[in-house]
Structure formats: C-alpha cells, structure tokens
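Below is one structure, written out as structure tokens; comments come after it.
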Amino acid sequence: MNALDGLPVVVIGAGPTGLAAAAHLHERGLPFTILEAGDTPGAAVRQWGHVRVFSPWRYNVDPAARRLLDEAGWVAPDPEALPTGAELVGDYLQPLAELPQLKPHVRYGARVEAISRLGLDRLRTAGRDTAPFLLRLADGDELFARAVIDASGTWGTPNVLGASGLPARGEADSVAHLEHALPDVLGADRGWFVGRHTLVIGSGHSAANTLLSLAELSAAEPGTEVTWAIRTASPTRTYGGGAADALPARGALGSRLRAHVDAGRIRLLTGFSVHALAPTDGRVSVVVRHADGTDESITVDRIVAATGFRPDHSIAAELRLDLDPVLGATRAIAPLIDPNEHSCGTVPPHGVDELAHPESGYYAVGMKSYGRAPTFLMATGYEQVRSIVAALAGDWTAAREVQLDLPETGVCNSNPAESASGDNCCGPEPTGRGLSTGISGGLLSAPLSLVALDAAPAGGCCAS
C-alpha cells in the first residue's frame, strides 16, 4: 500500500481558484482539505470589495462550483452583470464555501509556513515521489497530503516602488504616507485623500481604478490633487483598446482615464523611476533618478503604490521547483505570458503539464502561477485546476484536453456581436488562444500632451 493512499489533497487558499479546485476534487471523489489564512472565504478579495471587476459574472463562476451551487438551489446573478469584489464574495464564494460538500473541509486562520516531504529535505531523492507532503502551519500544527494545490495568490506580496526591483531608499521609513493597490478612495479611506495631493504610481488596471476614483473625489472636494506617474514614455497600454476592447467595461476604464488626463484633472508624468522617498514636514518627497544620473523630485501627501505583485515561493523552499528566472512562474508557462514578449495579452490554454514541477504533486495555480505577469483572469485559473484535478484522479485524457471556453475575440468578451473584426496590433490571434487582457483591437493613437521626466523612445503598441 502506497504511503499516499488515503491522504487528502491540500488546497492552500479559499479564494476563487482554491474553492474551484475544491469543487472539482469533490466531483472526482478525492479527499481534500482547504487551508485559508484569513477568517473567511475570499479574504483577499474582500480587501478590494469596493472595486467593480470588468468581466461579467458568466466568466467568474467555475463550472464545477456552479453545478454544486445549482444543486443547492442557488439563485445565480445576472450573467452579464459586472460584480464588485464584495459581491463576488457575498453572492458566490461565501455560498460555495458554506455548501455541506465543502464546509467541513475548510480550515480558517490556517496560514501555511512551510511545505516539505515527510522525512526528506530538498537534497534527498530516494523515495521522494511516494513520501507524503508535510505542511507546517504558523500555529505549529502539521498536516500530511498526497498533493498540494497552492492557490494562495500574490495579494500579500506587492511589488516595491524602487525602479530596480529593490525598495526605494527611504521606502520603509515612509510607510505612513503609502497605500498599496486599490484603496477605498470614495469610501472607508476617503479621509486620507480629501484635500490632499496624491501620487499614483503604476500603469495597470489597479492604478486606473484608483485614478478614476481620485478624479471623482477631486471634483467634489476642492484642494484634492491627483498626479499619475508611469515608468514608460507613453500611457498607451494603460488606455487599452477603448471601444475595440473585447471587454466594454475595461475599454471604458481606459477611455475615461484618458479623458481626465486630456482635461488636466490628472497630471501625467512619464519616464518616472523612483529612486528615493523622504518624509518632509508631514509630506513625502519622491526623488526620481534619470538615465543621465540627474535627480528630480515631487512632494505629495499620499502615494498609492499600484506597482503590481510578486509570488512568494518561500513556503516551498524545500521543494524542487522549476521557476522561470524572469517571472517566477513555472518555466513552461513563462514564455506564454511574459509581458516582454506578449504585450497584447494572448495566452494559450494551459493545464497540468505546463504547471508541473520536478516536485511531483505540487502545483501553484491562479495568480501565483503567473509569477509577476499582470494579466491573469479567474477563468484561466478555473481551467488550470480542472486539468490538475483530472490528472490527480488519473484521467489524463481529460487533464490534457485543456480549453478555454471563450468567444473568439477574447477571454471575457461580454458583447461578442460587437467585438472587433480580429485586427490586432500584434497580428492575427493564434488559433485556440484566449486573450488574457481582453484587448483585441488596435490601441488608441490620438496624441497626448505628456510631462516627460525622462525621454525614452516610444515603440509601437506591441513594444515592451
């Protein structure tokens, strides 16, 4: 009898991808345990509960989870509606986690501190594939598992402000002036921003959401100033495809942001690479170092660091992982999602084969599977765990039939009839690929008046 027989599959994280994995494990009749560091399902999602996502409900619900919920009489939301993070938790994740098929298997307040193999460190090879996984929790408890699906995400490990990937000088001393991604500008955090000058650093959708909220606040509250800083020479990629975006809500996000910049309600700084932060008389000075070695500074009241996230693989330090040296993602996935190579957002369907490590039975999924790449969507995570669970059940045919059930124009097209005809700034979309960002048409090209802090050559829409 194998030492792994009868042991559960341990899922780390009770967010959308982790709970989807649990639903698939239940359907396959495989024992499982879910370890959630927070006190509720979707604990990380709750932290940005005020934000409305740009993908409609029909792409945010895992098929296996939907089957379980439907059996329990779940009243599904409007499939075309765009939920907030709070609605995603309250209307989907919470009911899913409360189902009798899942609830007894979820442990809250269970933070994983380390993962290894029972009796074996990373050096030992003999008997490794048949030794149980050992998971040690922060409270000292230990669990054994036949496999580990790590859906712990990246929310707890945001990127630093320093342009070199290291904290900017003085960053640790300036935490009183810093907010990480997606503060509730118009709600709980409003008092931090009213009548103050806020600098938003970053070029992703988190930055765009925060900037739009700040622009709304500045219109209502005199003295509220907004500055937006990006490292690149142009905000084109942040503005996205506008009306050509396969996701109308996302296209509108970029178009609205552009309008505020054009009107001067948001000041845009380009070529902005943070070198140092210095608290000064209740404010903070942000020092920018240019390529020629000269410095320039801007003094503000608050900084929102919308600079993305990175995976923390430290809990798996005793496992044999094969990670891409650039992204920190599984090596096989990295070429498919590297933003240096795929700025227009295409990503092929991928599953157990691309997510496997030399450590048999360990899989990082969801946001964590993408490392530092910024384009992950829930629908991709759902297909990842479906494939992995099929493989764990021995159904390799199903495991390798990896598909994203998506409209041709992209991953979250909420209006297929009005989608772009297929023209793409990066050329035709490869057959069988979904769009990880939903941008399917040419990017907007009208000129902008930019405040350039550091001149840099502007490439085409597909430049990195």
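So the values come out like this:
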| quantity | calculated |
| --- | --- |
| Relative contact order of segment 36-122, pairs being alpha-carbon contacts under 8 Å that are 6 or more residues apart, as % | 47 |
| Candidate residues Thr236, Thr130, Thr198: accessible-area rank, largest first, probe 1.4 Å | Thr130, Thr236, Thr198 |
| Environment charge of Ile303, counting only residues whose C-beta is closer than 10 Å and scoring Lys/Arg +1, Asp/Glu -1 | -2 |
| Computed accessible area, Tyr370, all protein chains, 1.4 angstrom probe, square angstrom | 0 |
| Within segment 95-127: backbone nitrogen closer than 19 Å to the Asp139 label point (7 Å, Cα to C-beta) | 103-115 |
| Net charge contributed by nearby residues that have their C-beta within less than 12 Å of Thr17 (K/R +1, D/E -1) | -1 |
| Long-range amide H partners of His275 with built H, under 5 Å | Val287, Val288, Arg289 |
| Gain on full stretching of the segment that runs from Ala263 to Arg320 - 0.36 nm per residue minus C-alpha separation | 15.2 nm |
| Distance histogram for segment 80-131 (every C-alpha pair counted, 10 angstrom bins, percent rounded to whole numbers) | 18, 25, 24, 20, 12, 1 |
| Over segment 157-198: Kirkwood hydrodynamic radius from C-alpha pairwise inverse distances, Å | 11.8 |
| Heavy atoms of Phe144 accessible to a 1.4 Å probe, total area in Å² rounded to 10 | 90 |
| Inter-label distance for Ser360 and Ala81, nm, one decimal - labels placed 7 Å from Cα along Cα-to-Cβ | 4.7 |
| Placed amide H near Ala114: partners under 5 Å, 5+ positions off or other chain | Arg136 |
| Trp192, Trp57, Trp155, Trp74, ranked by accessible area, largest first (probe 1.4 Å) | Trp192, Trp155, Trp74, Trp57 |
| Exposure of Asp173 as accessible area (Å², to 10), given a probe of 1.4 Å and all protein chains | 120 |
| Rg and Dmax of segment 258-345, Cα atoms only, in Å | 18.7, 54 |
| Dipole of segment 184-238, positive direction: furthest Cα of Thr238, Val226, Leu214, with charges on the beta-carbon | Thr238 |
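The values are calculated or read from the model by the stated rules, or taken from the named source; none is laboratory data. These numbers come from a predicted model, not from an experiment. All Cβ positions, even for glycine, are placed from backbone atoms using ideal geometry, and neighbour counts span all protein chains on display. Surface areas here come from the heavy atoms of the whole protein model, side chains and all, with no ligands, DNA or RNA. Shrake-Rupley method; radii C 1.70, N 1.55, O 1.52, S 1.80 Å.
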